Each structure stands twice: as structure tokens, then as C-alpha cells.
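The structure under discussion appears below in the form of C-alpha cells.
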Amino acid sequence: MENEIITHPRRKKRKPLDLKLRDVLIMVDIYVLTMLAIYTVLAIFVRHSPTLVLLNSVIASGIIAIAVAGMVAQNPLFKIIRTFAIIPITYLMYDQANSYIKSVNPYDCDRALIAMDKFIFGVNPTQWLAQFSHPLLTEYLQLAYMGFFLMFIAHAIELYLSNEMTKFNRFARTIAFGFFVSYILYFFTPAVGPRFTLHDFSLLNQELPGVWLTAACRDLVNAGAGLPAGIKNPEFWVNRDCMPSGHTMMTLLNMILAYRLRSRLRWVFYILGVSLIFSTVYLRYHYVVDVLAGIGWAMVVLFVEPRIRVWVKKRGFKNV
């Protein structure tokens with residue numbers, strides 16, 4: 001019996017992985033990496049902080065690693081992480097911005113903002129609005145103010161669950177770009193806001209009381225703004241993030257995108273958004289000129305961001 005020669009088909013050799021960075025990055029990644037580069041320069045030359053340099057390097061490496069892993073492994077978990085990682089990163093970017101502002105620009109511009117409000121309206125708007133205050137109104141507006149980040153998260157989840165990734169990417173890159181623009185603008189016009197300059201911050205709960213949750217919500221806002229409870233000289237420690245009003249700017253962007261992307265939650269965003277924008281002055285967080293500037297810069301973001309994307313796409317970044 002003749003021996004049969006069994007031949008096995010040759011296995012195809014896998015091509016070596018040759019991914020270029022521009023093949024895996026999306027616009028949100030590019031905006032975050034750009035901000036990290038700006039912050040790293042400030043950490044080196046302004047703060048002289050190796051810790052901040054290391055932190056930025058870790059964040060940047062993590063973003064790139066997740067982007068590459070998501071492209072290679074096609075793992076749903078990496079997709080979810082990459083999609084929603086921008087939420088905590090956005091806050092980290094905000095928090096870090098405030099560690100540089102006073103070093104870059106130590107001159108608060110509150111006096112100029114107060115003068116502009118007085119010139120436009122003839123009164124200080126936060127003081128004038130005090131006559132219309134009511135605990136129920138204060139409670140509602142404070143809760144609306146607290147819904148700031150929740151509106152973005154709800155909108156993002158809606159788009160993600162609808163599997164409308166083109167709309168989701170448009171939403172994500174516009175919102176990320178808007179947040180980062182607002183952080184950069186704080187360097188040029190640092191301000192603490194009317195609750196410190198036109199009012200006695202220590203008497204806020206007495207002068208503008210709520211009902212049940214207002215005081216607790218204020219404590220959370222204060223902690224996020226760098227103010228632990230009971231700290232002395234709070235106007236010195238608080239973040240210089242009033243001008244322009246990021247709450248106004250970003251809420252308006254979310255409302256406009258909700259209309260353009262036909263969000264099913266758009267009427268919720270409209271009602272809460274208008275309430276939130278009004279609350280920024282009523283609750284004494286912002287001057288009216290901060291709000292007007294926030295509206296103007298929202299329009300700038302809507303005009304500029306798509307053009308930046310086109311410019312980046314022409315440089316070979318195919319996934320933006």
C-alpha cells in the first residue's frame with residue numbers, strides 16, 4: 001500500500017500591523033491631545049510641575065492606547081470606554097485649567113464686568129433681581145443649574161443608544177471643542193462673579209434661600225469650584241471661570257444641537273436650558289455680560305469647529 005502524502009494548505013501570513021496615529025484618531029481625541037499639549041507647556045514653564053506633566057502624559061497615552069485597541073481588537077468594551085471617556089476628561093481639563101489661570105493672568109476683571117452691566121442696564125442685575133426672589137423659584141433654578149452636565153450625558157446616551165454615530169460624533173466634537181474654548185478664554189478674562197463682589201458670599205443662604213435641596217446643591221457647586229465648606233477668604237480660592245459664562249455657552253450649544261440633530265429630548269433641553277441660563281444671573285454666579293459673551297462664543301464655536309474638522313481631514317485624518 002502506497003503511502004499517501006497529505007499536504008496542508010499554507011496558512012496565510014498576517015500582514016504586520018502598520019497603523020499610523022492619524023488612522024485611529026477622531027476629532028475629540030485631537031481636541032483633547034491639543035489641550036493636553038497646551039497644558040503641558042504651561043505645566044513646564046509656568047507651574048514648573050513634573051506631577052502635572054506626568055498626569056498629562058498618562059492621559060494622552062491612555063487616549064492613544066484606547067484608540068489603537070479599539071481599532072485593532074474591535075472590542076465593544078473599548079468602544080464604550082472611548083465613547084464616554086470624554087466626560088471625566090472634560091472635568092479634568094476644567095480642573096487643571098484653574099491651576100494655571102492665576103499664574104498666567106493674576107488680574108481679575110470683575111470691576112470691568114460690573115461697570116459694563118451697570119452701563120447697559122443702569123443697575124446691577126443680580127441686585128435688581130433680588131426683589132423677585134422666592135424660595136420655590138430659587139429651588140427650581142438651583143436644580144436646573146445642577147442639571148448642566150446631566151443634559152450633555154442624556155443627549156450623548158440618546159444618540160449612542162439610537163446607533164446614530166454620525167450624529168453622535170458631530171455632537172461630541174462640538175461639545176468638546178466648546179468646553180476647551182471656554183477654558184482657554186478664562187485665561188484672558190478671569191473673574192469670580194457677583195456672589196463675591198456685589199453680595200456677601202457668607203449670607204447667600206439667608207438672602208437667597210431655597211426649600212429643601214438648594215443649600216446642599218450650592219455646597220456641591222462650591223466644592224467643584226475649589227471651595228471646601230467653611231474656607232476663609234473664599235474669593236481668593238474660588239476658580240476664575242465666570243467670563244464667558246461656560247454654563248450659558250455650553251447649554252446653548254446643546255440646545256442648538258438638539259434642534260439640528262432632532263433629539264427626542266429637545267423640548268426638555270429647551271425648557272431646562274432657558275431656566276439654567278436665567279439661573280446663572282438669578283443665583284449670582286454670573287454677570288449679564290458673562291451670559292452675553294457665552295451666547296456670542298457659542299455662535300463662534302458653531303462656525304469655527306466644522307472648518308477645523310475640514311482642515312484636519314485634508315491632512316489625512318480619515319476618521320474625523
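The values are calculated or read from the model by the stated rules, or taken from the named source; none is laboratory data. Everything numeric in this text was worked out from a predicted model, so none of it was measured. In this analysis, Cβ positions are derived from the backbone assuming ideal geometry, glycine residues included, and neighbour counts consider all displayed protein chains. Please note that ligands, DNA and RNA were not included when accessible areas were found on the heavy atoms of the full protein model with its side chains. Shrake-Rupley method; radii C 1.70, N 1.55, O 1.52, S 1.80 Å.
Observations
- For Cys109, solvent-accessible area (1.4 Å; no DNA, RNA or ligand), Å²: 30
- When the residues Leu92, Leu252, Leu208 are ordered by accessible surface, computed with a 1.4 Å probe over the protein chains alone, the sequence from largest down reads Leu92, Leu252, Leu208.
- A 1.4 Å probe run over the chain, with the rest of the protein chains in place, finds 56 Å² accessible per residue.
- Net lengthening on full extension, Leu150/Trp212 (0.36 nm per residue, minus Cα-Cα): 20.3 nm
- Using a probe of 1.4 Å, the accessible surface attributed to Val53 totals some 40 Å² when neighbouring protein chains are kept in position.
- Dipole of the chain, positive direction: furthest Cα of Trp237, Tyr31, Leu283, with charges on the beta-carbon: Tyr31
- Accessible surface of Ser202, taken over heavy atoms with a 1.4 Å probe and every protein chain present, rounds to 90 Å².
- Applying the criteria of a DSSP loop state and at most 15 other Cβ atoms within 10 Å to the trypsin sites (Lys or Arg not before Pro) of the stretch 17-115 yields Lys20.
- Met255, Met71, reordered so the largest accessible area comes first (probe 1.4 Å): Met71, Met255
- Loop-located chymotrypsin sites (Phe, Trp or Tyr not before Pro) in the stretch 204-264 whose Cβ has at most 14 other Cβ within 10 Å (DSSP): Trp212
- Counting only residues at least eight positions apart within a chain, or on another chain, the aspartates and glutamates with an alpha carbon under 17 Å from that of Lys313 are Asp23, Asp29, Glu305.
- Of the DSSP H helices in the chain, those whose Cα atoms cover at least 27 Å axially and whose Kyte score averages 0.5 or more: 50-73, 165-186, 288-314
- Surface composition of the chain: carbon plus sulfur atoms contribute 66% of the solvent-accessible area (1.4 Å probe, protein chains only, all chains present).
- Put simply, the Cα atoms of the stretch 176-258 extend 37, 29, 21 Å along their principal axes, the longest span coming first.
- Ranking by accessible area, most exposed first, for Trp128, Trp297 with a 1.4 Å probe: Trp128, Trp297
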